[in-house]
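Worksheet: one structure, shown below.
Every number in this text was worked out from the coordinates using simple rules, so none of it is lab data. Please read all numbers here as calculations on a predicted model, not as lab measurements. Cβ coordinates were reconstructed from backbone atoms using ideal geometry, including for glycine residues, and neighbour counts include every protein chain displayed.
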Amino acid sequence: MDVAVIGAGVIGLAVARRLATSGLSTMIIEAAPRFGTGISSRNSGVIHASLYYPPGSLRATACREGRDLLYAYCETRGVAHRRMGKLVFAATPDQLGTLDAIAASARAADVMDLELLDPGQVRGLEPALACAGALLSPSTGIIDVHELMTAYLGDAEAAGAMLACSSRVTRVSRRHGQWGIHVDGDPEPCLLAARVINCAGLGAQAVARTVEGLPPSTVPPLAYAKGNYFGYAGRHPFTRLIYPVPEPGGLGTHLTLDLQGAARFGPDVEWIDEIDYTVDLARRDRFIEAARRIWPELDPERLQPDYAGIRPKVTRAGEPAADFIVSTPAEHGLPGVVNLFGIESPGITSSLALAERVCAPILA
């Protein structure tokens, strides 16, 4: 094959789509029995507008460019989505400065459609939200992520790409100027490829460490930041996504809506040592407290554990947030190998833009 893409989440599928539709023979290799069962299926399903990321960072650039590419793609391919808008609110007057800083950073990253609202203007949009002020992002939306991944995979397969599930990569060896992909401990490779793109998400560091000759210093640490979600069973008064000002490790426990209008609160930030998707009922009181900052009239009996996701952080609790990492031969010296690390939110929004960045040198 021309390219082996390791990982069939939203990023791996976007990369494979770009390569296959450009005429390269492409194999997608996924450890799980189905595509998109990891990070890509355990998130808020939000199309972000690039409000929070440092101007000039890959996260900011890929999110802003990817947002427009994603909306256009969804329209063309009929992927279910809705551009519904988001309010980032200041619960108290002392948080208004944070809103100003978010707006200034977003403008520096070329996000020009934000609007600062006073409490009266907020009540005009969302009467149930009491706050000291808010930032309106009309470009934020929601998306059916499974439909998106199905569309990416459909495009890739229509162009000749193949998907192999239940195939855990355990070694990547150098064979006669190509890369041999070993799965499930096999001593001999099942596939030879000129290039390898590691999009394995939570497993990206483990895959990278199996690549023959890859300097260990080019593999960043991995920390698990678990995000729990609680769903609300019943009617609610909101028509937009509602976010507090960000907190360390995430964007704060926020209210999101799915395409059927159901509401959920989350994610919080829980640093863990092992992958565990259990939502602990003991966290419910903290969720009730956070949810009532958004909706004081919330009925706590209707708030129940829903699901959890895990962010593949390359920095640990208390450390500054890191940028997306796309590690190429320029960084590690191995021809034809690209490793993607720390691709968390806004990874879905950024997927098409990241695919362009990863594939451009290959297709040049």
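Structure values in brief
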quantity: Spin-label zone in segment 327-364 - amide nitrogen under 12 Å from a point set 7 Å from the Cα of Ala194 along the C-beta vector; calculated: 336, 362-364
quantity: Cα-based radius of gyration of segment 84-192 once divided by 2.2 N^0.38 Å, which approximates compact folds; calculated: 1.87
quantity: Spatial separation of Cα centroids for segment 1-75 and segment 263-342, in angstrom; calculated: 18
quantity: Exposure proxy order (Cβ contacts within 10 Å, fewest to most) of Cys63, Cys190, Cys131; calculated: Cys190, Cys131, Cys63
quantity: Antiparallel bridge percentage (DSSP; both residues within the chain; nearest 5); calculated: 70
quantity: Sparse-neighbourhood loop sites, chymotrypsin sites (Phe, Trp or Tyr not before Pro) in segment 256-364 - DSSP loop, at most 12 other Cβ within 10 angstrom; calculated: Tyr277
quantity: For the chain, convex hull volume per residue from C-alpha positions, Å³; calculated: 133
quantity: Convex hull of Cα atoms in segment 103-253, direction-averaged projection (nm²); calculated: 14.5
quantity: Nearest-0.05 FRET efficiency for Glu75 and Ala364, computed from C-beta distance (R0 35 Å); calculated: 0.75
quantity: Most fluctuating residue given options Gly78, Gly38, Gly66, as computed from a GNM of the chain linking Cα atoms under 10 Å; calculated: Gly78
quantity: Positive-end extreme of charge dipole, the chain - chosen from Ile142, Gln178, Met84 (charges on Cβ); calculated: Gln178
quantity: Square roots of 5 times each gyration tensor eigenvalue, C-alpha, segment 19-75, largest first, Å; calculated: 25, 17, 13
quantity: Degrees separating the helix 284-294 axis from the principal Cα axis of the chain, which is the longest one; calculated: 60
quantity: Inter-label distance for Arg174 and Glu289, nm, one decimal - labels placed 7 Å from Cα along Cα-to-Cβ; calculated: 5.5
quantity: Cut-off 14 Å between beta-carbons: net charge of the residues surrounding Leu363, Lys and Arg +1, Asp and Glu -1; calculated: +2
quantity: Degrees separating the helix 10-20 axis from the principal Cα axis of the chain, which is the longest one; calculated: 50
quantity: Modelled FRET efficiency - R0 22 Å, Arg209 with Ser25, Cβ distances, 0.05 increments; calculated: 0.25
quantity: Counting all C-alpha pairs of segment 193-282, share separated by more than 17 Å (%); calculated: 65
quantity: FRET efficiency, Arg316 to Glu157 (Cβ-Cβ, R0 45 Å, nearest 0.05); calculated: 0.70
quantity: Length gained when the stretch Gln260-Ala130 is fully extended (0.36 nm per residue, less Cα-Cα span); calculated: 44.3 nm
quantity: Hull volume in cubic angstrom per residue (convex hull over the Cα atoms of segment 287-340); calculated: 138
quantity: Projected label distance in nm at Thr37 and Asp94, using a 7 Å step from Cα toward the beta-carbon; calculated: 4.7
quantity: Equivalent ellipsoid semi-axes - Cα gyration tensor, segment 8-163, angstrom; calculated: 36, 16, 13
quantity: Label-point gap, in nm, between Ser166 and Asp299 - each point 7 angstrom along Cα→Cβ; calculated: 4.4
quantity: Alpha-carbon Debye profile of segment 68-113, log10 I(q)/I(0) at 0.32 Å⁻¹; calculated: -1.09
quantity: Cut-off 12 Å between beta-carbons: net charge of the residues surrounding Leu153, Lys and Arg +1, Asp and Glu -1; calculated: -1
